[in-house]
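Novice: Next up is a structure, given as structure tokens.
The values are calculated or read from the model by the stated rules, or taken from the named source; none is laboratory data. The model shown is predicted, which means the values in this text are computed figures rather than measured ones. In this analysis, Cβ positions are derived from the backbone assuming ideal geometry, glycine residues included, and neighbour counts consider all displayed protein chains. Calculation scope for accessible area: heavy atoms of the full protein, side chains included, ligands and nucleic acids excluded. Shrake-Rupley method; radii C 1.70, N 1.55, O 1.52, S 1.80 Å.
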Amino acid sequence: MIYKIISNKYLRIALFFLVIQQIIVASSTYFIARLAQSFADNGPLLPYMLLFAASLVIVYVPAYFCVTNTERAKYDAHKLYNDTFHTVFLGKTYLLSSDELQSTATTTTTLAQESNYTLETVIDSIFDISALVLNVLFNVLVIAWFLDGTLLLGYAVGIVFASTFVHFRRHALKTAAKTDQQSRLSLTAKLFDSWDNVVIFNKHNYTLYNNIVQKSFATAKNNSVKSTSIQHINSSLGMIILMLPVFVITGFIFNKNWSDAATMAVLIATLPRQIQLLQMCYALIGYHTSIGVIKTMLDGILNVLQPTTVDLDTYIQADQIRVKQTGEIFDSTQLPKKGRVTLIGSNGVGKSCMLLKLKDHYQERAYYLPAKHNLYFNYKTDQTHKGSTGQQLIKQIQEIREDDQSIVVMLDEWDAHLDKENTQIIDHYLDELAQTRLVMDVRH
């Protein structure tokens, strides 16, 4: 699934231009080496100087296409994750009753924020790792061709040893990364509750909320620092392991060609590039240590797309739910095609869950309106739409009546927090709606 989400056409286009870009970068190494040889052998200098200068300018052309297509790739990946989220959760109304998902903040935070952050990180990492690998590979081949093929052995041995070291350190890094992500999500979820607690400013609620948030900030910071620290230590030790064989081989080449002016000129001219290559190898080692972190982040956003199954019948005491209009026990298998059915019963007998069960059964043929929601309505597109809870509910019911074609309309505790006047108005609207559809509601 993750390959399908990430591997879109724009990322492939960006990688194509990346190859072109890195070939041009390697060509600049080739031209500067040729320039050094010509200088030592009294050969032509101008052609190689012009070609070297041109390579430094032309490289920005493919770089432009790399950057723009990478940005397109990020948005397409996030959109595809969002579409997958819709495919997985669409119509699974029963999940609203899940104790594990009772607070949907973590799920929606993952969709709105963590998935975007993770996918951007993954795509940036893929692009950066590809750039580093191509840069190191092409430039080492060019330098080794001019100097000594043994240099390739030095890089190969260094990378193998460094990667082996990092491999054995991956468990500690993965654990730290998972803890870091969980604490970050926990903090973000709590910040979603800031509005009511801060703006209303009930001292008791605000003090409790603020204490929890401050502790969450401290926990998130400590876990983030710990994860970053482990990554840095692993990368630094890996870099040292990498440099040793490269420095040994370079010293061997230097000693072997001490009297060869052309080779020494190439060695000196390409020395800055070799230092840069070592830095890039350092970055590669750093990414190697980050692979576990990235995998953990991906696991986190993919786990959200695997919801648990909820058996609503375990929450419903069917023999305790009655119909207000008749006083009889409610039978969900014998429903009229139209009319008004109001469910009554003691708290906790599962009246709301009964509506969720019916919504799950009817799917798009039923309209379900919970007491508290963030459902979109046409009237909300008007920036002047203001009014009390009752006035907004009236507009919602009017919109349902006019624009929605569901055969069943279900409302859960719609009269909570309404005054008597608005309750009577809405009750009248529902009676009118019940003349053509089945209206089921749970009263507060």
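Novice: Which of the lysines could a cross-linker span from K337 if the Cα-Cα distance has to be under 22 Å and same-chain partners fewer than 8 positions apart are dropped?
Specialist: K324, K351, K357, K359
Novice: Residue separation times 0.36 nm, minus the C-alpha to C-alpha distance between A371 and E71: what's the value? Spell out each step's value before the answer.
Specialist: Working: separation 300, 0.36 × 300 = 108.00 nm, distance 3.98 nm.
Contour length minus the Cα-Cα distance gives 104.0 nm.
Novice: What does DSSP give for the chain in terms of the percent of beta bridges that are antiparallel, rounded to the nearest 5? Intermediate results must be reported in sequence, preceding the final value.
Specialist: Numbers: 3 of 17 bridges.
In the chain, approximately 20 percent of DSSP beta bridges are antiparallel ones.
Novice: Using the Kyte-Doolittle scale, find the helices of the chain whose mean hydropathy is at least 1.6 and whose Cα atoms extend 27 Å or more along the helix's long axis, counting only whole DSSP H runs.
Specialist: Numbers: long enough: 9-41 (48 Å, 1.02); 60-89 (44 Å, -0.44); 115-146 (46 Å, 1.34); 150-168 (28 Å, 1.74); 170-191 (31 Å, -0.71); 203-256 (78 Å, 0.22); 261-303 (61 Å, 0.96).
Passing helices, by number: 150-168.
Novice: Let me ask something additional. Would you mind getting the Kirkwood hydrodynamic radius of the chain from its Cα pairs, rounded to one decimal in Å? List each step's numbers first, then the result.
Specialist: Values: mean 1/r = 0.0363 Å⁻¹.
Roughly 27.5 Å, rounded to one decimal.
Novice: Further question on the same structure: Obtain the nm distance between the two label points defined at R443 and Q405 by a simple spin-label model: each point lies 7 Å from its Cα along the Cα-to-C-beta direction.
Specialist: 3.4
Novice: Separate question: Under 5 Å between amide H atoms, partner at least 5 residues away or on a different chain: which partners does R443 have, H built in plane at 1.01 Å?
Specialist: L343, E413
Novice: Need one number: nm distance between label points at Y379 and K9, each 7 Å from Cα along Cα→Cβ, rounded to one decimal.
Specialist: Result: 4.3 nm between the two label points.
Novice: Find which of S163, V408, L151 sits farthest along the positive direction of the dipole of the chain, computed with +1 on the beta-carbon of Lys and Arg, -1 on that of Asp and Glu, about the Cα centre.
Specialist: The residue sitting most towards the positive pole is L151.
Novice: Picking from S227, S406, S388, which is most flexible by a Gaussian network model of the chain using Cα springs under 10 Å?
Specialist: Comparing S227, S406, S388 in the GNM, the peak value goes to S388.
Novice: Next question. Set the Förster radius R0 to 45 Å, insert the Cβ-Cβ distance between F168 and L90 as r into 1/(1 + (r/R0)^6), and round the FRET efficiency to 0.05. Write down the numbers at each step before the final one.
Specialist: Numbers: r = 44 Å, r/R0 = 0.98.
So the FRET efficiency works out to roughly 0.55.
Novice: For the pair V160/H232, report the inter-label distance in nm, with labels modelled 7 Å from Cα in the Cβ direction.
Specialist: Roughly 3.2 nm, to one decimal.
Novice: Provide the three semi-axes, in whole Å and in decreasing order, of the ellipsoid equivalent to segment 1-102 as defined by the square roots of 5 times the Cα gyration tensor eigenvalues.
Specialist: Details: eigenvalues 558, 24, 14 Å².
Whole-Å semi-axes of the equivalent ellipsoid: 53, 11, 8.
Novice: Find out how many positive minus negative residues lie around Q435, taking Lys and Arg as positive, Asp and Glu as negative, among other residues whose Cβ is under 12 Å from that of Q435. Mind showing how you got there, number by number?
Specialist: Numbers: positive: K337, K338, R340, R401, R437; negative: D431, E432.
So the environment of Q435 carries a net charge of +3.
Novice: If you don't mind, another one. Could you sort 27-34, 148-155, 201-208 so that the peptide with the highest average Cβ count within 10 Å comes first and the rest follow in order? Show your work: numbers first, answer last.
Specialist: Numbers: 27-34: 21.4, 148-155: 17.2, 201-208: 10.9.
The densest-packed peptide leads the list: 27-34, 148-155, 201-208.
Novice: Calculate, for the chain, the solvent-accessible area per residue in square angstrom, rolling a 1.4 angstrom probe over the heavy atoms of the protein chains. Intermediate results must be reported in sequence, preceding the final value.
Specialist: Working: 24900 Å² over 444 residues.
Averaged over the residues of the chain, the accessible area is 56 Å².
Novice: Give, rounded to the nearest 20 debye, the magnitude of the charge dipole that segment 114-206 has about its Cα centre when Lys and Arg contribute +1 at Cβ and Asp and Glu contribute -1 at Cβ. Don't jump to the answer; show the numbers that get you there.
Specialist: On the way: 7 positive and 8 negative charges, 85 e Å.
Dipole magnitude for segment 114-206 comes out near 400 debye.
Novice: Give the distance, in whole Å, between the Cα centre of segment 122-169 and the Cα centre of segment 293-367.
Specialist: 57
Novice: In whole percent, how big is the carbon plus sulfur part of the accessible area of the chain, probe 1.4 Å, protein atoms only?
Specialist: Numbers: 14980 of 24900 Å².
Summing carbon and sulfur atoms, their accessible area is 60 percent of the total for the chain.
Novice: Now, a different point. What length, rounded to one decimal in nm, is gained on full extension from L80 through to S346, with 0.36 nm per residue of separation minus their alpha-carbon distance?
Specialist: Values: separation 266, 0.36 × 266 = 95.76 nm, distance 4.38 nm.
Full extension from L80 to S346 adds 91.4 nm.
Novice: Tell me which chymotrypsin sites (Phe, Trp or Tyr not before Pro) from segment 212-268 have a DSSP coil assignment and no more than 14 other beta carbons within 10 Å of their own. Write out the running numbers ahead of the final one.
Specialist: Numbers: sites: F217, F247, F252, F254, W258; in loops: W258.
Those satisfying the criteria are W258.
Novice: Give me the count of lysine pairs in segment 104-251 whose alpha carbons sit under 26 angstrom apart, restricted to pairs 8 or more positions apart or on different chains.
Specialist: Count of close lysine pairs: 14.
Novice: Now, a different point. Assuming 0.36 nm per residue, please report the length gained on full extension of the stretch I268 to I200 beyond their Cα-Cα distance. If you can, show how the numbers build up before the last one.
Specialist: Numbers: separation 68, 0.36 × 68 = 24.48 nm, distance 6.90 nm.
Contour length minus the Cα-Cα distance gives 17.6 nm.
Novice: For segment 250-337, how big is the tail of P(r) above 22 Å, as a whole percent of Cα pairs?
Specialist: Numbers: 2618 of 3828 pairs.
Taking all Cα-Cα pairs of segment 250-337, the fraction more than 22 Å apart is 68 percent.
Novice: To continue, here is another question. Nearest 0.05, what FRET efficiency do Q279 and L191 give at R0 = 30 Å with Cβ-Cβ as r? All intermediate terms of the calculation are to be shown ahead of the outcome.
Specialist: On the way: r = 37 Å, r/R0 = 1.25.
My answer for the efficiency is 0.20.
Novice: Need the C-alpha centroid separation for segment 246-263 versus segment 38-52, integer Å.
Specialist: A separation of 22 Å, based on Cα centres.
Novice: Now a separate question. Determine the distance separating the Cα centre of segment 211-241 from the Cα centre of segment 386-428; give it in Å without decimals.
Specialist: 50
Novice: Quote the Stokes-Einstein diffusion coefficient, in whole µm² s⁻¹, for segment 154-196, based on the Kirkwood radius over alpha carbon pairs, a temperature of 10 °C and a viscosity of 1.306 mPa s. Numbers along the way, then the final one.
Specialist: Details: Rh = 13.1 Å.
Translational D for this selection: 121 µm²/s.
Novice: Rank L278, Q320, F377 by how far each Cα sits towards the positive end of the charge dipole of segment 255-402 (+1 on Lys, Arg Cβ; -1 on Asp, Glu Cβ) and give me just the farthest.
Specialist: In segment 255-402, that residue is F377.
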